[in-house]
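The values are calculated or read from the model by the stated rules, or taken from the named source; none is laboratory data. Please read all numbers here as calculations on a predicted model, not as lab measurements. Cβ placement follows ideal geometry from the backbone for every residue including glycine, while neighbour counts extend to all protein chains displayed. The accessibility values were calculated without ligands, DNA or RNA, using every heavy atom of the protein model including side chains. Shrake-Rupley method; radii C 1.70, N 1.55, O 1.52, S 1.80 Å.
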Amino acid sequence: MERTQSKVAGEVQVPASTRDGRVVYVSVTAYGEAAPGLIGYLEQAARSLAEEYEYRELFSDVLRHKILNELRKAGFNVEGVEVAVSYRCPVCGASVELNPEAIVYVCPYCGWSGDVFGRKVELLAWHPIPEEDAVRAVISASGRRGRPLEAVLKMIPYWIFPVEATARYKARVVYEEVRGKRRIRREGEASGTVSERTLYPFVARLNAEFYGDREMCGNVLYNYKKRPPAPLQGDLAKRVAGHVLAPEVDKEDVALIVRDRMEDIMMRKAKSHAKRGYPRAIDAYLYEFSCDVKVGEPRLVLAPYWFVTYEWRGSIYSGAVSGIDGDILKVEVPISPHERAFRLVGAWAAAALTGLAAEFVLGTREAGEGVLVLLLIGATTALGLARSAFAEAKVRR
């Protein structure tokens, strides 16, 4: 975006509805010589041209060049133009800054919640626990060591879908049959029907990964069943608006993903069901499988999440706490010198015992695949202990 050193000739902010229906403010600043009628012409050009484009197109240079050309054609001596776009709250008219991928937001001025097209959307939310409680939980989990540095509250959006699934299958089951000291592999047939009725939570963000994300998902589902969230409104809405991670994925797209994932879940459930009829089942192979998945109307929920950092002996550690009930999701804990020494001794002992066991097996002249498996297990154990001894921190859940 070019910006000249000339003085500001005129500034306007006009409401507009983009071609794809989004309710926005378009702010335009023109640089050059001020002139009578410039402001009015600038407002008209900004509004009419903005309504010709979709929201994403407003962030390119096309709109800026169009407005600049229109002003020059009208005879105004303008050297440059800057354009900024923000959403417009349909209730209080405030300008709300959002990332281009956002589809739902909470106005920080009046607490209104809705989509980018100006339509009301009901959000559910839990009251976040106080910051001091989140910090206290992390420091306690670290062994009461460390100095708190920062605690950041985020309201993470989840689509929670009610799901019902029924699957029918036919499978070939591989199992073992014991005859004396021999084990013989056999195959058998199995068929049946499995069903599932559940709630499926899905983070409504394009980048859904954050520290303790899996644990938070389980915590949200647990609390949704035990202590459901209430509609977001009033003072709570205004208080948490600045902490909301705006949803970026709509329910139609998520419903397709949930359907596919439920089919995978039902496939695994069908295999497990098929193996139940065979006490020594090894695996099951489905050769017929049909699954009916019904995805109900979801609720959009904001779940409070605290990310806490603390310092201990010059190093920085992190912790994640559910802002719903204060449960520790995941926390980095310093490793003490004694624990490091213990792990190194354990690594040495595992390597030594593995070597002795391998030497014994080889001495019996009955070495085979068993000794390779033994060496692999021992080496893996020793390496894991050695690596953990030099890790910066251990993770506690």
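Taking Glu297 as the residue in question, decide whether it is modelled with pLDDT of 65 or more, outside any helix (DSSP H, G or I), under 30 Å from Pro157 (Cβ atoms) and open to solvent by 70 Å² or more (accessible area, probe 1.4 Å).
So Glu297 passes the test.
Considering only residues of segment 7-41 that are of a type in the set (D, E, K, R) and touching a Ser or Thr at 6+ places or on another chain (Cβ under 9 Å), which is modelled with the lowest pLDDT?
Glu33
Given the structure, is Tyr305 under 30 Å from Arg119 (Cα atoms) and among the hydroxyl-bearing types (Ser, Thr, Tyr)?
yes
Report, by residue number, each residue of segment 86-103 that is open to solvent by less than 10 Å² (accessible area, probe 1.4 Å) and closer than 15 Å to Leu300 by Cα.
Of everything in segment 86-103, just one residue is open to solvent by less than 10 Å² (accessible area, probe 1.4 Å) and closer than 15 Å to Leu300 by Cα, namely Ala102.
Let me confirm something: among Gly118, Gly143, which residue is in a loop (DSSP other than H, G, I, E, B), of a type outside the set (Asp, Glu), surrounded by 14 or more Cβ atoms within 10 Å (Cβ to Cβ) and touching a residue at least 60 places away in the same chain (Cβ under 8 Å)?
Going through Gly118, Gly143 in turn, just one is in a loop (DSSP other than H, G, I, E, B), of a type outside the set (Asp, Glu), surrounded by 14 or more Cβ atoms within 10 Å (Cβ to Cβ) and touching a residue at least 60 places away in the same chain (Cβ under 8 Å): Gly118.
Given the condition touching a residue at least 40 places away in the same chain (Cβ under 8 Å) and in contact with a strand residue (DSSP E or B) (Cβ under 6 Å, 6 or more places away or on another chain), answer yes or no: does some residue in segment 57-69 qualify?
Taking segment 57-69 and keeping what is touching a residue at least 40 places away in the same chain (Cβ under 8 Å), we get 58-59, 61, 64.
Filter once more, keeping what is in contact with a strand residue (DSSP E or B) (Cβ under 6 Å, 6 or more places away or on another chain): 58, 64.
Yes.
Answer yes or no as to whether Tyr305 is assigned to a strand (DSSP E or B) and buried (at least 19 other Cβ atoms within 10 Å of the Cβ).
Against the criterion (assigned to a strand (DSSP E or B) and buried (at least 19 other Cβ atoms within 10 Å of the Cβ)), Tyr305 qualifies.
Which residue is nearest to Val26 (Cα to Cα), if the candidates are limited to segment 122-140 and must be open to solvent by less than 50 Å² (accessible area, probe 1.4 Å) and under 21 Å from the mean Cα position of the chain (by Cα)?
Initially, segment 122-140 is screened for residues open to solvent by less than 50 Å² (accessible area, probe 1.4 Å), giving 123-126, 128-129, 134-135, 137-139.
Keeping just the survivors that are under 21 Å from the mean Cα position of the chain (by Cα) gives 123-126, 128-129, 134.
Values: Leu123: 27, Leu124: 31, Ala125: 31, Trp126: 34, Pro128: 35, Ile129: 38, Ala134: 40 Å.
This residue is Leu123.
State yes or no: is Val78 closer than 27 Å to Ala34 by Cα, among the β-branched types (Val, Ile, Thr) and open to solvent by 10 Å² or more (accessible area, probe 1.4 Å)?
Working: closer than 27 Å to Ala34 by Cα: yes; among the β-branched types (Val, Ile, Thr): yes; open to solvent by 10 Å² or more (accessible area, probe 1.4 Å): no.
In short, no.
Do you know which residues across segment 1-32 are surrounded by 14 or more Cβ atoms within 10 Å (Cβ to Cβ) and more than 24 Å from Phe117 (Cβ to Cβ)?
Matches in segment 1-32: Ser6, Ala9, Gly10, Thr29, Ala30, Tyr31, Gly32.
Report, by residue number, each residue of segment 51-79 that is at pLDDT 85 or above, farther than 13 Å from Ala30 by Cα and in a loop (DSSP other than H, G, I, E, B).
Glu51, Glu52, Tyr53, Glu54, Ala74, Gly75
Please tell me if Pro108 is part of a strand (DSSP E or B), closer than 20 Å to His243 by Cβ and more than 21 Å from the chain's Cα centre (by Cα).
Values: part of a strand (DSSP E or B): no; closer than 20 Å to His243 by Cβ: yes; more than 21 Å from the chain's Cα centre (by Cα): yes.
For Pro108, the condition - part of a strand (DSSP E or B), closer than 20 Å to His243 by Cβ and more than 21 Å from the chain's Cα centre (by Cα) - is not met.
Please tell me if Val194 is under 25 Å from Met262 (Cα atoms) and under 21 Å from the mean Cα position of the chain (by Cα).
The answer is no for Val194.
Considering only segment 200-241, how many residues are under 21 Å from Val254 (Cβ atoms), open to solvent by 90 Å² or more (accessible area, probe 1.4 Å) and without any contact (Cβ under 8 Å) to a residue 40 or more places away in the chain?
Total meeting the criteria: 5.
Search segment 146-168 for residues being among the small types (Gly, Ala, Ser) and part of a strand (DSSP E or B), and hand back the single one that is farthest from Ala204 (Cα to Cα).
Ala167
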